[in-house]
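One structure is given below, encoded as structure tokens.
Bear in mind these aren't lab numbers, they're just calculated from the coordinates by the rules spelled out. Just so we're clear, the structure is a prediction, and the values are computed from it rather than from any experiment. Positions of Cβ are backbone-derived with ideal geometry, glycine not excepted, and every protein chain shown enters the neighbour counts.
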Amino acid sequence: MRIAALFLFASMAALGLAQAPVCANVEGDRILGRDLAAAIPEFKAMPPDTLLGTSPVPGSRRLFHAAEILSLARRYSVPLGAGREICFEWPMAPLVPARLIEAMRASLQAPGAEIRIAESSPEPVPPGRLDFPRDHLAIPSPGQRSPVLWRGDVVYGDTRRFAIWVRVDIAVPCDRLTAAENLASGQPIKPAQLRAVASTCFPAPGGTVLSLDSATGMVPSRWIAAGTEVRPESLAAANDVNRGDMVEIEVLSGAARLAFTGQAVSSGRIGDTIAVRNPDSKKIFQARISGKNKAIVQASGPKGS
């Protein structure tokens, strides 16, 4: 009796497998007549652009029951003796490290970049273009070189995106700047005070790097000892006006112009408002910086004008 029951169960399981619907691959956001014809040749008589439904999300299936297939056959005069179930799904495959590295290197626009993948999305993905936006790459803390997270997408179908991620360590060729001598806080840097040393770096945000040209004229926000690496976060743009500087003041009042020289009481850059002392009256007024040691005062016009 027990053997007969097992035989019956095995027969039912085999029958279930034999009747399982055939799954065809989808290649776009919509399931069209041509997709059905590729799975059931009799439907080649159906217009190829006939919309049958939207494609399923990756990892799931879109099932057409036998009754639906027969209904479509009658509607488009397709000679079909019997209906059968058919399903559509995206072909899924694991991420390939070589493709990941190729896509990340293209995003960095650094052919010489050294990229090491420590971990990546484990789930299979649909076929498509790998996209790793540069601004989705996390930035390690200063001095840290452990793998960081980079989020990306598989762009598949027409405009769909399937989220993926990697933990990656990246090094690109660069020149590290070191201080050739002690650099005082707040003092503009001169070219002779810096030295460039060939090295590798984590790619800077936006693809920008700190070069001799870009660092020259900037001011350290703290004391930097000779031989120490000069990093972007330790520098700031130089002020256009410093406290104590003599500033050319232009007063604007309608068509009238008045110019004189005042002394800056505070510091700032173009666009900032600073305090300036009138050398004659000793009074302090506000002026907007317009250039190097230049500022403007917009005086109100006469009442009733």
Query raised in the report: Per the Kirkwood definition applied to all pairs of different Cα atoms, how many angstroms is the hydrodynamic radius of the chain?
Result: 26.8 Å
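For Asn182 and Ser214 in one chain, what is 0.36 nm times their gap in residues minus the Cα-Cα distance, to one decimal in nm? Mind dumping the intermediate values first?
Details: separation 32, 0.36 × 32 = 11.52 nm, distance 1.87 nm.
So the extension gain works out to 9.6 nm.
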**Report entry** Most mobile of Asp35, Asp240, Asp169 in a GNM of the chain (Cα contacts under 10 Å)
**Finding:** Asp240
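Looking only at the chain, where both bridge partners belong to it, what percent of the DSSP beta bridges are antiparallel (to the nearest 5)?
Working: 57 of 66 bridges.
Of all bridge pairs located within the chain, approximately 85 percent are antiparallel.
So if R0 is 30 Å, what FRET efficiency would Val297 and Ala236 give, r being the distance between their Cβ atoms, rounded to the nearest 0.05?
Working: r = 26 Å, r/R0 = 0.88.
Once rounded, the FRET efficiency stands at 0.70.
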Query raised in the report: What distance in nm separates the simple spin-label points at Arg30 and Ser60, each placed 7 Å from Cα in the Cβ direction?
Result: 2.0 nm
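Can you check what the net charge comes to around Asp131, using other residues whose Cβ is under 14 Å from the Cβ of Asp131 (Lys, Arg +1; Asp, Glu -1)?
On the way: positive: Arg99, Arg105, Arg129, Arg134, Arg151, Arg160, Arg161; negative: Glu102, Asp135, Asp153.
Summing Lys/Arg as +1 and Asp/Glu as -1 gives +4.
Can you give me the relative contact order of segment 174-236 as a percent, contacts being Cα pairs under 8 Å and 6 or more apart?
On the way: 121 pairs, mean separation 29.5, N = 63.
RCO, segment 174-236: 47 percent.
Please give the calculated 222 nm ellipticity per residue for the chain, where each DSSP H segment of at least 4 residues contributes -39500 (n - 2.57) and the sum is spread over every residue; nearest 500 deg cm²/dmol? Don't skip to the answer; put the middle values down first.
Working: 5 runs with 50 residues, N = 305.
When only DSSP H runs of four or more count, the value is -5000 deg cm²/dmol.
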Requested in this report: Would you kindly state how much longer the chain becomes between Val265 and Trp165 on full extension, computed as 0.36 nm times their sequence separation minus their alpha carbon distance, in nm to one decimal?
Outcome: 30.8 nm
Query raised in the report: What's the local net charge at Asp272, with K and R +1, D and E -1, over the other residues with C-beta under 15 Å away?
Result: +3
Report summary line: Percent relative contact order for segment 137-290, counting Cα pairs under 8 Å at least six residues apart, stands at 15 percent
Query raised in the report: In a solvent-free Debye calculation with one equal scatterer on each Cα, what is log10 I(q)/I(0) for segment 174-236 at q = 0.19, 0.22 Å⁻¹, listed in the order of the q values?
Result: -0.63, -0.84
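Relative contact order (percent) for the chain, with alpha-carbon contacts under 8 angstrom and 6 or more residues of separation? Spell out each step's value before the answer.
Details: 594 pairs, mean separation 29.3, N = 305.
In percent, rounded to a whole number, it is 10.
Please work out how much length the chain gains when fully extended from Ala226 to Leu70, using 0.36 nm per residue of separation minus the C-alpha to C-alpha distance, in nm with one decimal. Don't jump to the answer; show the numbers that get you there.
Details: separation 156, 0.36 × 156 = 56.16 nm, distance 8.29 nm.
In short, 47.9 nm is gained.
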Query raised in the report: Which net charge results for the neighbourhood of Cys174, defined as the other residues with beta-carbon distances under 13 angstrom from its beta-carbon, given Lys and Arg at +1 and Asp and Glu at -1?
Result: -1
